[in-house]
Structures are given as C-alpha cells and as structure tokens.
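First the structure, in the form of structure tokens, and then the observations on it.
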Amino acid sequence: MRVVSTSSLPIDLAAQVRARFPAARVEVPEQWGGLARLDLSDADALVCLLLDRIDASVLARAPRLRVVANCAVGYDNVDMAALTAAGIALTNTPDVLTEATAELAFALMMAAARRLPEGEALVRSGQWEGWRLDQLLGVQLLGKTLGIIGMGRIGQAVARRARGFGMHVIHADAGEDVDGVFARADVVSLHCPLTPATRHLVDARRLGLMKPTAILVNTARGACVDEGPLVEALTAGRIFAAALDVFEREPEIDARLKTCPRLVLAPHIGSATTEARTQMAQLCADGVLAVLSGQRPGNLVNTEVVLRG
Ligand code: GLV
C-alpha cells in the first residue's frame, strides 16, 4: 500500500497510516513540489493541495488510486466526474476552516473600510505629518448592510460576526437575486464555490450596480471576480474599496492589481491559522484511512461514487 502527499503536512501522516497499515509506504515531501515529479503508478491514496490540478491525465498515471484527499474545502481544482467514473473517492476539509476564513473576510472588510494598508504605508514612508481631521476617512460598518453571496458555512459565520458589529445582513446564492444584493449592500462578501455559474459573478455589470460607497471582499475563489473591470471601477472611484484574498491566476497577480487604489491584497490565507490548517490535514488523513480501510469517509464529496475495492 502506498500513500503519497504532494506537500508536507502539519500532522504526522506517515505515523498515522503506519499505525493502521504497518507495511504501508508513505511519501510526504519537505515542501509542495507539484504533481509532475511524483510517481503515482502504485499510489493507493493521494493527499493534495488546491494548487494541484487533478484531472484525467493525472488519473491515467495512477491506476490504483482509491482516494484523493484535497486539503481545502473548495475542490474546483479536481475533475470530480473523472474521479467518480474511476471509482475514486474525493474528500475535502469543510467546517474546520469556517471560522478562520470568516475571520479573514472580516479582517479584510475592516482593512478596506478603514483604509489600513494606506495608513500603514503612510506611517512607514516617514511622510506622516500628524493627525488631521480629514485624514484617511473610511466607512463605518455599524448600521450598514452586508450582502453575502453564498450563505453556506462560511457565509453564515461571516453573518454572525456582522450582526455583532451592528450590520444588517442580506444574502443570495448563485441563481437567486444576486443583483439585488449588489445594489443594496454596503459591503458585498463572496463565499460561494467556483462553478460555471459563479465564474465572473462579479463582472462590469454587477460592479455597476454597487453603491459608490460600497466595498467588495473576496475570500472565495479568484475567478469569481473579473479582475479587469474591478480595477477600472476602483481606479475611477465607482466603488469605495475592495479586498482580495484570492486571484484569477494564482500565484500570478495581474500587474494592474498591484498599483490599483483602494485595493487590499492578501495571499490566499483564508484558512491560514495553525488551528485550521492542522485540522484540515487531519481530515485528509481521516479520509485516506477510511477509504483504505474499506469505509466511506465522513467528508466524502462525490457521494455517488462506487468505490474501487
Ligand atoms: C481554500 O481556499 C479552501 O478551499 O480550503
């Protein structure tokens, strides 16, 4: 039996697998190195990151594979239909990263509303000349309306925080009255998965529906936002600010984003707390061990799969 991970993990995967299957070979690299250099020819289980594109060409190299444990809640990096057709289980890491991601969404919302990156840059530049009545005026969140796109686990966790801040919460899922949320909200925060229906959900037209005082926050997937029109809207002052934790072509960042005014940038760190990342890795190990033990894992994504024996 062979278990392969594309990345180092904050748990001892090898020890956990060998405790159940003493003869198992477990390969965990020092750091993420991608899939290309991995020998998957006799791999029974694969632990991967959202950076790893798992498609039919990868499955063709892995004829014995029984489970792919994606160390993320989102799985748009995986061709789920190909896995299901091949009888391979796909697991993800829901719940354990919900609060961490909601906290980051809130941090970005506040950073954008209060222009924290501009303030920090001013202090560091040595150009700050002292307190001014009109300096770096931002937006107060109390009494404002938060529009959540994707009222799943993370959207609901953001909503709970917003209510604590005295915000009103409205929401829509893709296909519902998304336009109405964009038109009414003072802050729009994206918490939907990336699917054909949510690709470029935030486009020029929807940005045009937003209030000039509104803020956009994206901690979901980069491709939910069409970055070009966002840069144009921010540059023209058609919305107040935006904050992005995710990008269309990670890790490439469109050069226009780096110089765009009123844009807070973070390097896809929604779930980046020690607590969340450790539990995410543990869920991957749990999924691998369940499938290799002939059980259906609790966090199975392709529930219709008929698992390989
Ligand atoms: C991170 O983006 C995740 O989907 O877990």
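Read-outs: derived from the displayed coordinates by stated rules, not from any lab. Note that this is a predicted model, so its numbers are computed, not measured. Please note: Cβ atoms are built from the backbone with ideal geometry, for glycine as well, and neighbour counts cover all protein chains shown.
Tell me, which longest segment in the chain has none of the GluC sites (Glu not before Pro) that fall in DSSP loops with at most 12 further Cβ atoms within 10 Å? It works out to 31-128. Full extension of the chain between ALA272 and ARG18 gives 88.7 nm of extra length, using 0.36 nm per residue less the Cα-Cα distance. Scanning the chain for trypsin sites (Lys or Arg not before Pro) lying in DSSP loops with no more than 11 further Cβ atoms inside 10 Å, the longest uninterrupted stretch between such sites is 133-248. Residues whose amide H comes within less than 5 Å of that of THR91, counting only those at least five positions distant or on another chain, are VAL68, ALA69, ASN70, VAL301 (H built at 1.01 Å from N in the peptide plane). Among beta bridges identified by DSSP and lying wholly in the chain, the antiparallel ones come to about 5 percent. Ordered by the count of other Cβ atoms within 10 Å of each Cβ, fewest first, CYS71, CYS260 give CYS260, CYS71.
Work out the FRET efficiency for ARG249 and ALA204 from their Cβ-Cβ distance, taking R0 = 22 Å, and round it to the nearest 0.05. Between ARG249 and ALA204 the formula returns 0.70. Between SER125 and SER8, the modelled labels are 3.8 nm apart [label points 7 Å from Cα along Cα→Cβ]. Among complete DSSP H helices in the chain, those whose alpha-carbon atoms stretch at least 15 Å along the helix's long axis and whose mean Kyte-Doolittle hydropathy reaches 1.0 are 98-113.
In order along region 72-88, the phi-based Karplus estimate (6.51 cos²θ - 1.76 cosθ + 1.60, θ = phi - 60°) of 3J(HN,Hα) comes to 6, 7, x, 9, 5, 7, 10, 7, 5, 4, 5, 5, 4, 4, 8, x, 9 Hz; Gly and Pro are listed as x. Helical runs (DSSP H, four residues minimum) scored at -39500 (n - 2.57) apiece and divided by the length of the chain put the mean residue ellipticity at 222 nm at -9500 deg cm²/dmol.
Label separation (LEU137 vs ALA36): 5.3 nm, computed from points 7 Å beyond Cα along the C-beta direction. The chymotrypsin sites (Phe, Trp or Tyr not before Pro) of region 72-168 that DSSP puts in a loop, and whose beta carbon has at most 10 other beta carbons within 10 Å, are TRP131.
Proximity of backbone amide H atoms, modeled 1.01 Å from N, is registered between LEU216 and VAL188, ALA241, ALA242, ALA243 at under 5 Å, excluding neighbours fewer than 5 places apart on the same chain. Under a 5 Å amide H cut-off, with hydrogens placed 1.01 Å from N, ALA174 pairs with GLY150 among residues at least 5 apart or on other chains.
Site pair LEU307 and ARG163 shows an inter-label distance of 3.7 nm when each label is modelled 7 Å from Cα along Cα→Cβ.
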